Every structure is written in structure tokens, then in C-alpha cells.
1. In what order do Leu143, Leu74 fall by count of nearby beta-carbon atoms within 10 Å, going from fewest to most?
2. Select from Tyr130, Gln53, Asn63 the residue farthest towards the positive end of the dipole of the chain; place +1 on Cβ of Lys and Arg, -1 on Cβ of Asp and Glu, and compute about the Cα centre.
3. Tell me, what ³J(HN,Hα) does each residue in region 87-98 have, in order and in whole Hz, if you take phi through Karplus 6.51 cos²θ - 1.76 cosθ + 1.60 with θ = phi - 60° and put x for Gly and Pro?
4. Give me the net charge for the shell around Tyr67: Cβ to Cβ below 15 angstrom, other residues only, Lys and Arg +1, Asp and Glu -1.
5. Quick one: net charge around Pro142, please, counting Lys, Arg +1 and Asp, Glu -1 for every other residue with C-beta under 10 Å from its C-beta.
6. Return a single number: how many Lys pairs in region 22-155, at a sequence separation of 8 or more or on separate chains, have alpha-carbon atoms below 25 angstrom apart.
7. For the chain, give the magnitude of the charge dipole about the Cα centre (Cβ charges: +1 Lys/Arg, -1 Asp/Glu; no others), in debye to the nearest 20.
8. Considering amide H positions built from the backbone, and no H for Pro or chain starts, which residues 5 or more places from Tyr25, or on another chain, come under 5 Å of its amide H?
Amino acid sequence: MKFFRLAVVLSFVLFLSGCDKNVVYKAHEDIDDGLWYIKDKPTFKVEITDTTQSYNVYYLLRNALQYPYYNLYLTRNFTGPDQKVISNTLEEVYISNETTGKPYGHGLGDLFDHKIPFLKNYRFPRSGTYTFVLSQSMRQNPLPFIISVGISVEKVPVKP
């Protein structure tokens, strides 16, 4: 019984230590059957209250090792609280080494997670809800072996 209590307490402590107080928003959307169609556009709504704070914003990607390319073209539509487009950007991200094929990111088995920055030290101009819409812009439709996509918005830590 003591072992069980110790295991529960230790698990709880590890869970709390895994939480990052700088993360303002973190979400991902699973891609059905690992087939990302061009028409599928995961949407993420981020509530920003502190406009004096600088933020880093990241793509969160999960792919299977069988993903046939070293890169991924993403289109990111970014709108502000007033529904005006802040940016509509086509961006190439690299998820494995072009020469060796070795995946970047962190892997477990044949799945690899990537955290790729796309806005660094960004200050949101006003408080409110910002919307990020992601779509794949590769020539293949559907794009296979993409398991999930998402974003993370994190406060830039203040250096002492």
C-alpha cells in the first residue's frame, strides 16, 4: 500500500513539473488516418490578454517515419481580433535531413514530434482572440503520414 501511495505522489509531482508556466496556448488537431487533405485546415484560436509580453509561436507537427519528403510546405493564415488578416504566409519547414533522411525532432518508435518556431519575440498588437489556420501546400493530395498539426504560444522568459 505504501508503494502505491508513493507511486501516486511521485506521478503527481512529475505531472506538475511537466507543466510550463510560460505556455499560453498549446493545441493540436489529429489528422484522420494520417492523410492530410488540402481542404482540411486546422484552426486554432488563441486568447491574448497581455500585449506588453513578447511571445514565441511554434508549429507542432507529428509525422510517421514513412513520411515521403524531407520538408513540408504550410500555408498559415493569421488574423487578429478584428478579423483582419495579419499575414497569409507560405512557409517551408524541414522535418528530416535532406541528404541522410534522418528525422529532426523527437521520436518514439516510428513517430516524430517537431516544434518549429515561426514567430520569435512577437508582440500581439492588441488583446483579444487571434486565429491561426494551417493548411498543407504540397503537391500531393492527400499528404500521407502526417499524424497531427498544431501550434504553441509561449511567453518569452524574462532574463534576470
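A short reminder: the numbers here are calculations on the coordinates, not readings from a lab. The shown structure was predicted, so the numbers you read here are calculated from the model rather than taken from an experiment. Note that we place each Cβ from the backbone using ideal geometry, even for glycine, and neighbour counts take in every protein chain shown.
1. On the way: Leu143 23, Leu74 20.
In order of increasing Cβ crowding within 10 Å: Leu74, Leu143.
2. It is Gln53.
3. Each residue of region 87-98 in turn: 7, 10, 10, 9, 9, 9, 10, 9, 10, 8, 6, 4 Hz.
4. Details: positive: Arg62, Lys102, Arg139; negative: Asp33, Glu92, Glu98, Asp110, Asp113.
Local charge sum for Tyr67: -2.
5. Working: positive: Lys39; negative: Asp32, Asp33, Asp40.
Cβ neighbours under 10 Å give a net charge of -2.
6. Value for region 22-155: 21.
7. On the way: 18 positive and 15 negative charges, 114 e Å.
Charge dipole of the chain: 540 debye, to the nearest 20.
8. Val153
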